[in-house]
Amino acid sequence: MNDTIAAISTALGVGAISIIRVSGEDAIKIVNQIFTGCDLTKEKSHTIHYGHIKADNDIIDEVLVTIMKAPKTFTKEDIVEINCHGGISATKKVLETVLNNGCRLAEPGEFTKRAFLNGRIDLIKAESVMNVINAENDSARKVALQGLAGYMSDKIRKIRTQMLNLLARIEVHIDYPEYDDVPEVTSKETLEEITKIKKELEELIQKSEEGEILTTGIKTAIVGRPNVGKSSILNRLLKEEKAIVTDIAGTTRDTVEGKVNIGGATLNLIDTAGIRSTEDVVEKIGVEKSLKAIEDANLVIVVLNGSEKLTKEDRQILEKTKDKNTIIVINKDDLQQQIELDEVPLKNRIYTNTKDLEGLHELEEKIQEMFHLNQLKQEDYTYLTGARQISLAKDAEKILKEAIR
Ligand code: GDP
């Protein structure tokens, strides 16, 4: 692990500056060979220096170089950061020059891996680094920052210490029962203690599972037969919320049509294009596609056309969504209403039209209420994140249950 690694730490594209980060034993020596400003090996830690990067006798770019000496750095190794101009060519050339002088290209995540292996951060913090980078909304960012600050690690460590203390007391008692100065450990006391720890862990898991939607988002399917107004609602949601519209080709099973931030959580809208296009897709296939979307969703928004009578397809969709987290939107309420309301569940029913925003706001409030978003936001944002962390906590919980038994 002692080789020196380098990588472009900023996104590669045209910008004002780019940062090339170098970490390892020879970081300062290597950059010093190609830097004209001063002798970096003689400079103090945590200082910044102006100069040029050169290759042979060619000036590559005008730069600012930061040197940070171990151990007070992100990786606990010597780190040099070269701030160069943000053009693709300049950035790549600076990296190439650094690599030609004795560094290896870092693998994805390798700086964080070193920080972890060198004991600077634990795995929860390492994962939090990724979560900060990938955060798509304020809540996800706050959860990740709490993780990075170590609040979750502290919580887990506290629970672990309680278990270790209990184990130690039990072992001492077994090994040295004859010693008078060893405090007695009774079953009653032990049971109380384990039950207390288990409760703490259970609460943490439950809270984290509820909080997960803050970081992963709510998988949302907008379904309904053609022409009821799904696209109009979607477009207005996207516009209203100034959403980041993405067309991510489905790496997994879903195609995500767009992302909308609502009340601190991200709605990941699942594509139900199948039931939208009537020209080249038989409606039956469309319904099948939307059924799949319904199955995968955490939230289903069923759109009905209030100005028409319910059709067989509407009824079919209502039937298929009755056991899901559903919001029923009766759209086109600006027109003469014909819909048979007595057949539409009253729970989570709202009315909208494309003429005003009231219905949309109501939809937003319903989602917040349904997923307890306001309540989650009042929490301290200390959650376990991701399947790995939650499943490990569940393993521990299972062992405690076993111990109690
Ligand atoms: P989709 O096929 O379900 O996605 O429906 P669209 O969003 O494409 O809408 C179908 C048609 O209904 C379009 O001509 C819209 O302009 C119209 N429409 C959508 N919502 C409303 C509404 O609230 N009121 C009225 N009067 N027309 C609407």
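The values are calculated or read from the model by the stated rules, or taken from the named source; none is laboratory data. Source: prediction; values computed, not measured. Positions of Cβ are generated from backbone atoms using ideal geometry, with glycine treated the same way; all protein chains shown enter the neighbour counts.
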Does any residue in segment 316-340 that is assigned to a helix (DSSP H, G or I) come within less than 8 Å, Cβ to Cβ, of a residue that is within 13 Å of the ligand (Cβ to nearest atom) and at pLDDT 90 or above six or more places away or on a different chain, and which pairs are these?
-> Ile317/Val302; Leu318/Val302
Any chance you could count how many residues in segment 373-405 are closer than 16 Å to Lys142 by Cβ and not in a helix (DSSP H, G or I)?
-> 7
Going through segment 354-382 in order, the residues found to be over 22 Å from Glu210 (Cα atoms), out of contact with any Ser or Thr (no Cβ under 6 Å at 6 or more places or on another chain) and without any contact (Cβ under 8 Å) to a residue 40 or more places away in the chain are Lys355, Asp356, Glu358, His361, Glu362
Within segment 117-161, residues without any contact (Cβ under 8 Å) to a residue 40 or more places away in the chain and acidic (Asp, Glu) come out as Asp122, Asp154
Please specify each residue of segment 218-269 satisfying the condition of being basic (Lys, Arg) and either crowded, with 20+ Cβ neighbours inside 10 Å or modelled with pLDDT under 75 (or both).
-> Arg225, Lys230, Lys239, Lys242, Arg253, Lys259
When segment 318-348 is checked residue by residue, the ones that are away from the ligand (no atom under 12 Å from the Cβ) and buried (at least 17 other Cβ atoms within 10 Å of the Cβ) are Leu318, Lys320, Thr321, Thr326, Ile327, Ile328, Ile339, Val344, Asn348
Taking segment 182-238 and keeping only residues that are polar (S, T, N, Q) and either assigned to a helix (DSSP H, G or I) or within 16 Å of the ligand (Cβ to nearest atom) (or both), one is left with Ser187, Thr190, Thr195, Gln206, Ser208, Thr215, Thr216, Thr220, Asn227, Ser231, Ser232, Asn235
In segment 30-53, residues that are surrounded by fewer than 19 Cβ atoms within 10 Å (Cβ to Cβ) and either touching a Cys at 6+ places or on another chain (Cβ under 8 Å) or free of Cβ contacts under 8 Å to residues at least 24 places away in the same chain (or both) total 12
When residues of segment 171-199 are filtered for being touching a residue at least 40 places away in the same chain (Cβ under 8 Å) and crowded, with 16+ Cβ neighbours inside 10 Å, how many remain?
-> 3
Those residues of segment 286-317 which are away from the ligand (no atom under 16 Å from the Cβ) and within 33 Å of the chain's Cα centre (by Cα), in sequence order | Glu288, Leu291, Lys292, Glu295, Asp296, Ala297, Asn298, Leu299
